[in-house]
Protein chains: 4
Amino acid sequence: MSLNTFGHLFRVTTWGESHGPALGATVDGCPPGVEIDEATLQHWLDRRKPGQNKYTTQRREPDAVRILSGVFEGRTTGTPVQLMIENTDQRSKDYGEIAERFRPGHADITYWQKYGIRDYRGGGRSSARETAARVAAGGLARAALAALAPEVKITGYMVQMGRLKADRDRFDLAEVAQNPFWCPDAAAAAIWAEHLDELRKSGNSVGAVVEVVASGVPAGLGAPIYGKLDTDLAAAMMSINAVKGVEIGEGMAAAELTGLENADEIFMGNDGKPLFSSNHAGGILGGISTGQDVVVRFAVKPTSSILSPRRTIGVSGVESEIVTKGRHDPCVGIRAVPVGEAMMACVILDHLLLDRGQTGGLRGPIGGT
Amino acid sequence: MSLNTFGHLFRVTTWGESHGPALGATVDGCPPGVEIDEATLQHWLDRRKPGQNKYTTQRREPDAVRILSGVFEGRTTGTPVQLMIENTDQRSKDYGEIAERFRPGHADITYWQKYGIRDYRGGGRSSARETAARVAAGGLARAALAALAPEVKITGYMVQMGRLKADRDRFDLAEVAQNPFWCPDAAAAAIWAEHLDELRKSGNSVGAVVEVVASGVPAGLGAPIYGKLDTDLAAAMMSINAVKGVEIGEGMAAAELTGLENADEIFMGNDGKPLFSSNHAGGILGGISTGQDVVVRFAVKPTSSILSPRRTIGVSGVESEIVTKGRHDPCVGIRAVPVGEAMMACVILDHLLLDRGQTGGLRGPIGGT
Amino acid sequence: MSLNTFGHLFRVTTWGESHGPALGATVDGCPPGVEIDEATLQHWLDRRKPGQNKYTTQRREPDAVRILSGVFEGRTTGTPVQLMIENTDQRSKDYGEIAERFRPGHADITYWQKYGIRDYRGGGRSSARETAARVAAGGLARAALAALAPEVKITGYMVQMGRLKADRDRFDLAEVAQNPFWCPDAAAAAIWAEHLDELRKSGNSVGAVVEVVASGVPAGLGAPIYGKLDTDLAAAMMSINAVKGVEIGEGMAAAELTGLENADEIFMGNDGKPLFSSNHAGGILGGISTGQDVVVRFAVKPTSSILSPRRTIGVSGVESEIVTKGRHDPCVGIRAVPVGEAMMACVILDHLLLDRGQTGGLRGPIGGT
Amino acid sequence: MSLNTFGHLFRVTTWGESHGPALGATVDGCPPGVEIDEATLQHWLDRRKPGQNKYTTQRREPDAVRILSGVFEGRTTGTPVQLMIENTDQRSKDYGEIAERFRPGHADITYWQKYGIRDYRGGGRSSARETAARVAAGGLARAALAALAPEVKITGYMVQMGRLKADRDRFDLAEVAQNPFWCPDAAAAAIWAEHLDELRKSGNSVGAVVEVVASGVPAGLGAPIYGKLDTDLAAAMMSINAVKGVEIGEGMAAAELTGLENADEIFMGNDGKPLFSSNHAGGILGGISTGQDVVVRFAVKPTSSILSPRRTIGVSGVESEIVTKGRHDPCVGIRAVPVGEAMMACVILDHLLLDRGQTGGLRGPIGGT
């Protein structure tokens, strides 16, 4: 991973700002022969699209993705795939009032500190709009997975909004698409709706926890020591805007367990593969997949662009108050769900390719059993 | 980060297994002219060294580090620095009984699944011994930081053992080196000692949470979008053995905050730099350092090698029970403290160099104020 | 360098095919604050543009470059710069006849062997059209060099067409832009014109040698052992379509020299810098620039798409003859001149940034003279 | 390729200086299960070893290689392989006289310019001793090729010394190991022997051209656009000490050919694979292997350390004369032969692995013919 690129062999470079003419993803290293078209990618982008309900920003972008290269007659050619999304609803005048002042909790001050650049029109490169490009790239990764490892399924959902946790005993993945929060617990979703309404009206925002699960991941993916599957997942998720924590399996709670509690016991499955009694490990041991579900969670902080006044300074150093009007998500965690799924798809595909390259197809002693 | 290397410009490749002749770190990209010698590196290694008290593995290794290249007359030359540590106390016979059976919660099964290799002598490449090489490399990174950014200070400590949390109101960094747990809360350390004794006697183990803080980090470090400072820290910490969760600033708890609570207000400091009212962000916004303390926490799962019997299978697929005798840490979190510090040092130095390279020394409009 | 990206810190990823909707370059790592606009880039693209005289392909493309990201109010922001060129004159029907048959000396057979893809419309990704994206990226590199190291000047020219060499005694760089061959020897240019006319009429093509010189390059650029300045230049030039050989300084002729002849003697210049009696080394010793002119030459093979019949096979394996009609350059070496310049600009800038990052601003013993 | 590492998936990092305690190669990404031991590696190192006849440096090093990691019970484990060679015959006093003065044509001046370091004991990192580590890594690459693609054979030989070219009509690969010059033309070898004797006695040195051929390379290796097989070969060979030019197939002479002459005609072989009438391309089209012999040549400049006096300056800038006594090869091209072979082995293996990773095993339309 480096700068604006992530991935070892399936390399995604996103580019573009919230208020420029376009943004996109340059995807290098997609295998040839993968069936893909713009409609398939659009399906994934539409899930992330803002302005779909009152809980997400009212900025309305069609977010129409175009494939500019790397695909011929409906299949990838093995050359770079350029995915472009034009920015159509930029309405930068909304940002006029905050052109001068930094938003507490926002990256505008650090971009200024690093680059000396003040793109006063909006979040620029640090805007969550960048994640549209990730979702497009993730759509391509899913298509490649469908060809190479069709048993892999990736599902993301929200498990916590503010202090309100969904109840795992009520989890039903069929519910995820039925509420605006991608919540697998219908009862929690109803409570969250009320809570978020209240926060939104009071000009406030709130954080969330998102969980992404990949099932059907073959055992053996991950490249120790520093290209571990969990290392790359941690990096991928932490790179998403507003994420402050990442967990694999038990996550931070692993600290509370004893060795007896934590050790997933191993049995032989009927299919000749190991069968584990539990999955505290989140499907990864020593950085390598076990064949169990790969389970990742990440915490998204509350949106920093809020209507409530906060103390701040401006580019000239003068102290003042700031209120961010614009159109902002009261809970960016919601839109982070498809983004987390996209990152999971990219990482799993990348490690699938890396594993083939790294081992050269060899498993254990040549000529061995 | 890729495979056995981490870092963009300060690139550390660790090599070696727990029971081979030696292990070490090949460090490429250390600036020239940095004062360093073996004694300085040894200081850091000695902090991590096993066998120092009853709470860490009784394996006794002098862990003497040798500098084989890249240093001439006490200064780095700008060429690769090879740091080698010979393995002297391998005592592989201890592992005899577990040669055939996988340890639940251990990486031996996934290495088998990936590589078809069974290094029955010990953890092989997945052993925590690999972290000795990280600590050596971290010592070199500290020396380079001392030359390039002497105001940077890095301190790690344990904040939680099992369910027992240290009390932040009692934190005193002077206490950290005074107890075997690197605990800044002397009262907690006393309680932990009892708790761990009990666990050790019962053949069990326990997890922990480690916090690492870097103060004096200049604003502007971090390379969005995928080489963010927090992205690289998350990867660095998650790559440490047994780590299952990583947090920046508020971490997972950021999900529970509202926008009002989370936004660190900004004022002007007397030194003409921004002054923040709080540090929920952990010193990083949009992946770039703010100039505040950089705060990272990570959870270490309990040691999987325990004396209590667990159900498992062997390489031939036969189900059985396993008890791991050998010499193992009841709480590997303890020895993870110097390792977390080393990773922090490497990442901060790497981003300091990267920032100089990436911006070419430019900050904002050329010829601008 | 990897796959479709080159550069360490100034990273250029080109994308796009000859007959897709667009092609371009995603440039990551350009320092912030560099003055740039589309007109400046267009200047460089116009030099490479086909259809300008009878010696280059009659395909007429405006090759208008658009900056889609990374530039705000006329200056780079430090985020990825997306440079897009739309394909407007694709006229793919010309290729109808050769849809089935491989062109001897062309990459269509190896792309088929590797990817199983047959983009029968033209060269696809292997087309020289890809070099338009390099020239655009090179224009950005030149702008960054103008800000960071304004003394660097880069000039390319053709020194040989077929067996006809230009005469170094007649070299006049002012002549380079005065003839269609970028030839510094006016007399040679006249002879080449006749020669190429003849070849073109007979349906044949011819190779060429291009030389690119960078003056004003500071001493100390280059990262031994495998990121040497000459290593990266060799890779950069060899990556250009149709290039089969690369030379630094004396190049292949260095084999013919004795140590006495080859050793450039060293004196002290009036500016306190070393002064060399000659430049057999081409400005690079041990992979690091000496401060002299950096001199690179490369050989371009003759265009493989010719009107003369050659024996070949088709995708189904049937043997036949092929004649390539289409619109092709009789001497692709001509258009390789601006491409070579662009690669030189990218490599010099990249190493300038890398040197700042790698040494962290340190030169020799800290506190030393 | 970056800094002291080369390769995409089979990554070789060499480290060490001519007069430090040891040097070596850290090889990451070797597939698991490859049979290897120290004796096999030693075989390749012995071919490069100095002091074997009067035509190479009289420095006598056993150059004994030790495997410190990554191999267990005679097979690679998939983890980093550390190959170490101790320096035993350092005799640095020989260099006393030149401690202050730069050798014209040598890298000592540029290392000083870049790093401010003066390792007066010898060539330091720029010494040809570094190539011993490459040969060791190349030995491992050969072992992996033997497992993955046993049909690949790699042979290097010298084709030119000074102005004296070997005669291709007399080439007999069986002769290569029969003379001290790795020359396939026995008659030329005899003439070279006389010529080199004379040069050596007169305190002079001479350049050479080395050719390396890989046969049995499968079609489809190479990753356009910037990870082309020829791009990586050019970089690999140019990174060898003293190399100033690299050619693929016809090389620089390709400039002299017409399209008719250069286009290797294609027929169908009896094995259902394409059969080419000639190999002007050197086995690579568009950066991808055709299945023909891969042919690379490179020019090695004459040794800069000569007994004849040359004008130079010292570190303090004073002008003087220099004569390099020490023990130096009169024709370093000779010892470059096994080094060129090693680089070829590493690049071919790397691309074999990369191809598996990149295509994910897919070739053309999934489900297609």
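The values are calculated or read from the model by the stated rules, or taken from the named source; none is laboratory data. Since the structure is predicted, the reported quantities are computational estimates derived from the model, not experimental observations. Using ideal geometry, Cβ is built from the backbone for each residue, glycine included, and neighbour counts are taken over all protein chains shown. SASA here: full protein model, heavy atoms, side chains in, ligands and nucleic acids out. Shrake-Rupley method; radii C 1.70, N 1.55, O 1.52, S 1.80 Å.
Compared with the dominant principal axis of the Cα atoms in chain A, helix A:229-238 is inclined by about 10°.
In segment D:160-216, the ratio of gyration radius to Kirkwood radius, Rg to Rh, stands at 1.00 when only Cα atoms are counted. Seen from B:D197, the other residues with C-beta closer than 15 Å to its C-beta sum to a net charge of 0, counting Lys and Arg as +1 and Asp and Glu as -1. Interface size, chains C and D: roughly 8700 Å² of accessible area buried, both sides included, 1.4 Å probe, rounded to the nearest 100. Taking a quarter of the surface of the Cα convex hull of chain C, what do you get in nm²? Mean shadow area of the hull around the Cα atoms is 20.4 nm². Largest accessible area first, the listed residues A:D293, B:D169, A:D185, A:D271 line up as B:D169, A:D271, A:D293, A:D185 when surface is computed with a 1.4 Å probe on the assembled protein chains. For C:K54, the label point sits 7 Å beyond Cα toward Cβ; its separations from the matching points on the remaining copies run 6.4, 7.5, 9.8 nm, from shortest to longest. Distances between copies at C:L173, taken between label points 7 Å from Cα along the C-beta direction, are 4.7, 5.5, 6.5 nm in increasing order. Placing +1 on each Lys and Arg Cβ and -1 on each Asp and Glu Cβ, with no other charges, gives segment A:74-194 a dipole about its Cα centre of roughly 440 debye. Counting from the shortest, the label point at C:G272, 7 Å from Cα toward Cβ, is 2.8, 7.2, 7.5 nm from the same position in each remaining copy. Our note on the geometry: Cα centres of segment A:18-33 and segment A:113-131, 19 Å apart.
Sequence-distant contacts, meaning Cα pairs under 8 Å at least 6 residues apart, place the relative contact order of chain B at 21 percent.
Against the compact-protein benchmark of 2.2 N^0.38 Å, the Cα-based radius of gyration of segment D:192-333 scales to 1.43.
For chain A, the 222 nm mean residue ellipticity estimated from helices alone, with every DSSP H stretch of n ≥ 4 adding -39500 (n - 2.57) and the total spread over all residues, rounds to -8000 deg cm²/dmol.
Largest first, the residues B:W192, A:W182, D:W112 sort by 1.4 Å accessible area into D:W112, A:W182, B:W192.
For the pair D:D169 and A:D37, a Förster radius of 60 Å applied to the C-beta separation gives a FRET efficiency near 0.55, rounded to the nearest 0.05. Measuring nothing but protein heavy atoms, the accessible surface of segment C:145-224 at 1.4 Å probe radius is 51 percent carbon and sulfur. I'd like to check one number: the per residue accessible area of chain A, probe 1.4 Å, reported in Å² as a whole number. I get 30 Å² per residue for chain A.
Between segment D:189-249 and segment B:155-191, how far is it from one alpha carbon centroid to the other, in angstrom? Result: 61 Å between the Cα centres. Measuring with a 1.4 angstrom probe and ignoring ligands and nucleic acids, B:L164 comes out at about 60 Å² accessible.
Structure remark: mean-square fluctuation, Gaussian network model of chain B, C-alpha springs under 10 Å; the largest value among B:A133, B:A336, B:A263 belongs to B:A263. Once the GluC sites (Glu not before Pro) in DSSP loops with at most 13 neighbouring Cβ atoms within 10 Å are cut out of chain B, the longest remaining piece is B:152-369. The lysines whose alpha-carbon is closer than 21 Å to the alpha-carbon of A:K325, local same-chain residues fewer than 8 away aside, are A:K49, A:K54, A:K93, A:K201, A:K301.
The mean number of Cβ atoms from other chains found within 10 Å of a Cβ in peptide A:306-313 is 5, as a whole number. Mean per-residue shielding of peptide C:206-217 is 2, counting Cβ atoms of other chains within 10 Å of each Cβ.
Pairwise Cα separations in segment D:290-345 fall into 10 Å bins from 0 onward with the following percentages, short to long: 18, 32, 24, 16, 7, 2.
Using Cβ point charges alone (K and R +1, D and E -1), the dipole size of segment B:225-322 about the Cα centre works out to roughly 480 debye. Closest approach to the axis carrying C onto B, counted by Cβ on chain C and given in whole Å with its residue, is C:G357, 1. Legend: mean number of C-beta atoms from other chains within 10 angstrom of residue C-beta atoms, peptide A:279-289, equals 6. A simple count of charges around C:P184, restricted to other residues whose Cβ falls under 15 Å of its Cβ and scoring Lys, Arg +1 and Asp, Glu -1, yields -3. Quick check on the protein assembly as shown: what are the equivalent-ellipsoid semi-axes from the Cα gyration tensor, as sqrt(5λ), descending, whole Å? That gives 49, 38, 32 Å for the three semi-axes.
Based on a Kirkwood Rh over C-alpha pairs, give the Stokes-Einstein translational diffusion coefficient of segment A:120-276 at 25 °C and viscosity 0.890 mPa s in µm²/s. Stokes-Einstein gives a translational diffusion coefficient of 131 µm²/s. Mind checking the angle between helix A:333-359 and chain A's longest principal axis? C-alpha axes, 0 to 90 degrees, to the nearest 10. It works out to around 40 degrees.
Placing unit charges on the Cβ atoms only, positive for Lys and Arg and negative for Asp and Glu, gives the protein assembly as shown a dipole magnitude near 0 debye about its Cα centre.
Pick out, from B:V339, B:N204, B:V243, the residue whose Cα sits farthest towards the positive end of the charge dipole of chain B, with +1 on the Cβ of Lys and Arg and -1 on the Cβ of Asp and Glu. Positive-end residue among those listed: B:N204. Taken over the Cα atoms of segment A:249-327, the convex hull encloses 194 Å³ per residue.
Around C:N241, with a cut-off of 12 angstrom between Cβ atoms, what is the net charge of the other residues, counting Lys and Arg +1 and Asp and Glu -1? Residues close to C:N241 contribute a combined charge of +4. Axis of helix C:130-148 versus longest Cα principal axis of chain C: the two differ by about 20°, to the nearest ten degrees.
For segment D:232-283, what does the alpha-carbon gyration tensor say about shape, rounded, prolate or oblate, given a ≥ b ≥ c as the root eigenvalues, a/c under 1.5 as rounded, and a/b over b/c as prolate? Oblate.
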